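The values are calculated or read from the model by the stated rules, or taken from the named source; none is laboratory data. Note that the structure is a prediction, hence the values are computed from the model and not measured. Ideal geometry is used to build each Cβ from the backbone, glycine not excepted, and the neighbour counts take in all protein chains shown. Accessible surface areas use protein heavy atoms only, side chains included; no ligands, DNA or RNA. Shrake-Rupley method; radii C 1.70, N 1.55, O 1.52, S 1.80 Å.
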Amino acid sequence: MRADLAGWGRYPRHSGDVVTPHSAAALRAVQAGLDPYVARGAGRAYGDAGVGLEATVSMRALDRMRAFDSVNGLLTVEAGVTLEEIINVLLPRGWFAPAVPGTRFVTVGGMVAADVHGKNHHRTGGFGAHVASLALLTPQGELLTCSRSENSALFHATIGGMGLTGAIVEATLRMIPVETGWIRQRTVATKNLDSTLAALAKAEAEATYSVAWIDVTPGRRPVGRGVVFTGEHVLAAELPQGRQVFPRGRRSRVSIPVDLPEGILNRWSVGAFNRLYHGRAALLGNADLVPWDAYFFPLDAIGDWNRMYGRGGFLQHQCVVPAAAGREVVAEILDRVAAAGCAPFLAVLKSLGAGVGDMSFPMPGLTLALDLRVTAQTLRLLDELDRVVVAAGGRLYLAKDARQSPDTFRAGYLGLTRFETLRREIGAAGRLASQMSSRLAIQ
Amino acid sequence: MTTASSVLIIGGASDIGRATALIYAGHGWKVTLAGRNLAECGRIADDIAVRSGQRPDVVELDVLRTDRFTAFVEAFPEAPDTIVCAAGLLGDQARDQCDPNRAAVTLRSNFEGPALLLGAFASAMAARGHGVIVGISSVAGERGRASNYVYGAAKAGFSAFLSGLRHSLVRQGVCVITVKPGFVRTKMTAQMTLPRGLTAEPAEVARAIFKADQAKRPGSLYVRPVWRPIMTIIRMLPEPVFLRMRL
């Protein structure tokens, strides 16, 4: 079937063939006849990573849970199973995912391919660190088991490999035991970048989950005031009487029904929101019990929130820079954003540890994510920011990227040479390609 | 519930069959999946085992092999409390209308096989004095249309069979329910462009089935209420008007 495809940011858009196999056998049969393709999960990568160069294989119909070992917390699922389904099934039995991104509407295959990270990356690593094994269909039609001990080179290339080593068919994950579905959240409102970084460092030393939100209202001085959030799983004994131990996740109660007019998110509306948000956090301050969905996936409460940015779509610029350069780079980026007068709706800062995959995004250092509406001015600004990131030895998150240059990419991903060599060995070069891999000239 | 009720799902590897099995298993029912493709039914049984904590039984059944139905029914020590028939085949109208053998497969998969099989279980249920039979028919059976009248004719036959079965068993404690889902997003319709408001998810159909089973109200239902006025109009259109339409 022909379809128009884009990522969550709805920029850029491409048209191509989409096929939806319903079993591993059907996948193997159909991929043999496809032009350069890539597997796609829930389409939650922001840019063009989940859009095939010629064809796209939707993995959504491979959505069976295969087995759960309730002694060791080992869960085996097909790649199209979503994080939401996993949480709905296993949280009531006392298990949670070891690392979660900002939305639960993602597939397991997508989480492995992007080696997604959560607010606990500095402690326990990204999603890939908790994958025990994978079943991978190589472009030559072999279904291989990959783990740290079996086909380990392919295993490490596939985690964070953006689907460019084959189609992930199944994954076995180590879940973590939890006593409740609640998180104890603490918030600290900060006045400037230094106090934000200090509060974040303290939070990371003390808490399981930590992240900072930064107010990037244009014209606000000093830059970098924000709110630092920490979170801990609440123990059963700590839960007040009358609370449901494992609250059910709530689906979005409101959604954005149509594309909002471009410019609804402007410096004034975003500035007003930011003042409210910062003010509320400054008032709250203390600990707060929050259900898991509100804590980890606040934006899931608003259906189709990507439509807020209007028809033209939006970009997320997420970089990571080595710890030593962290403060300087973040300060410079915030300054440049403020000077450009664009209003990012969201700016999020946190520390990352090392990634496990050859192409994993995380490295020990600071990561900063900015959401911006697509305009010519935004694109120019992001090119400037890329130069700052590259000079500091940093890189951009491929799951978010829609526009970086091949040079920026090559400068940041040092595992690329090994990755490309492996792609040639398994016959992936020329057979497995996304719009992203083509844009970034990945061989 | 004192002892677990049992449900047999025919067409267990279909998307509606799978979703239905999951709902029943989630409510603690003992589920048996019957289908032609044992491997596929096993894959679904594993999935349901993880999600619900109970693994359904899997049995082989080809609705075209009517000669094996008696043995199939006799293999059950007791008739299940509920039988849901989700087996079916959309067929390909263009090919079916010029190839009698293909048309026969469409007719037999949607009508002959399901009807005879449910009929075979019905007598056991009637003898016992209780049971629920859910047949998944189709809005396509309400009026033959150029675009899918082979499939539609089979579903019309199946609906008539279910209606008669309902009539015949109503005083013997057996409840027969006809479900007409309208469009459903499944493997069967993957190649079609479906109108959003009229298209149900398999889980929605499954919920409607389970709810109807719990209510034990013999009759026929649409999954989405919007289909009632639509199908009333399509049925009432005078033939000269209908013949001029492209449907």
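Points to keep in mind about this one:
- For A:A441 and A:A376, the difference between the fully extended length at 0.36 nm per residue and the C-alpha to C-alpha distance is 21.1 nm.
- In this structure region A:79-123 gives 21 Å² per residue of accessible area when probed at 1.4 Å with all protein chains present.
- The alpha-carbon positions of region A:180-230 define a convex hull whose volume is 61 Å³ per residue.
- Carbon + sulfur, % of accessible area of the protein assembly as shown - ligands and nucleic acids excluded, 1.4 Å: 55 percent
- Derived from the Cα gyration tensor, the three semi-axes of the equivalent ellipsoid of region A:2-49 are 22, 12, 8 Å, largest first.
- Neighbourhood charge, 11 Å Cβ-Cβ cut-off, centred on A:W213 and excluding it, Lys, Arg +1 and Asp, Glu -1: +1
- With a cut-off of 12 Å between beta carbons, the residues surrounding A:A55 carry a summed charge of 0, where Lys and Arg count +1 and Asp and Glu -1.
- Protein heavy-atom accessible area occluded, A/B pair - total, 1.4 Å probe, Å²: 1200 Å²
- Neighbourhood net charge (11 Å Cβ-Cβ; Lys/Arg +1, Asp/Glu -1) for A:S360: -1
- Computed lengthening from A:A354 to A:A132, 0.36 nm per intervening residue step minus Cα-Cα distance: 78.1 nm
- All-pairs alpha carbon distance profile, region B:6-244, 5 Å steps from 0, percent: 1, 7, 14, 18, 21, 18, 11, 6, 3, 1, 0, 0
- Shape summary: region B:1-102 maps onto an equivalent ellipsoid whose semi-axes, from the alpha-carbon gyration tensor, are 27, 16, 11 Å in decreasing order.
- Restricting region A:106-175 to trypsin sites (Lys or Arg not before Pro) in coil, as DSSP defines it, with at most 15 other Cβ within 10 Å: A:R148
- Region A:24-65-region B:150-194 distance, computed between alpha-carbon centres (Å): 34 Å
- Between the beta carbons of A:A236 and B:M245, assuming R0 = 60 Å, the FRET efficiency works out to 0.45 to the nearest 0.05.
- Alpha-carbon centroid distance for the pair region A:197-252 / region A:102-168, whole angstrom: 27 Å
- Projecting label points 7 angstrom from Cα along Cα→Cβ for B:V226 and A:R248 puts them 2.4 nm apart.
- Normalised per residue, the accessible area of region A:182-403 is 43 Å², obtained with a 1.4 Å probe and no contribution from ligands, DNA or RNA.
- Compactness check for region A:182-403: Cα Rg over 2.2 N^0.38 Å is 1.04.
- Here chain A has an Rg and Dmax of 20.9, 60 Å, counting Cα atoms alone.
- Using the Cβ-Cβ distance between B:D99 and B:R185 with R0 set to 25 Å, the FRET efficiency works out to roughly 0.35.
- Label-point separation, A:E54 to A:S15 (7 Å along Cα→Cβ), nm: 1.8 nm
- Set of aspartates and glutamates near B:K30 by C-alpha distance (under 20 Å), chain-local residues within fewer than 8 positions excluded: B:D15, B:E40, B:D46, B:D47, B:D57, B:E60, B:E74, B:E78, B:D81, B:D213
- Dipole axis of region A:182-403 (+1 Lys, Arg; -1 Asp, Glu on Cβ), positive-most option in A:A324, A:L260, A:V356: A:L260
- The C-alpha atoms of region A:139-285 occupy a region whose extents along the principal axes are 56, 47, 38 Å, arranged from largest to smallest.
- Label-point gap, in nm, between A:A29 and B:R55 - each point 7 angstrom along Cα→Cβ: 2.6 nm
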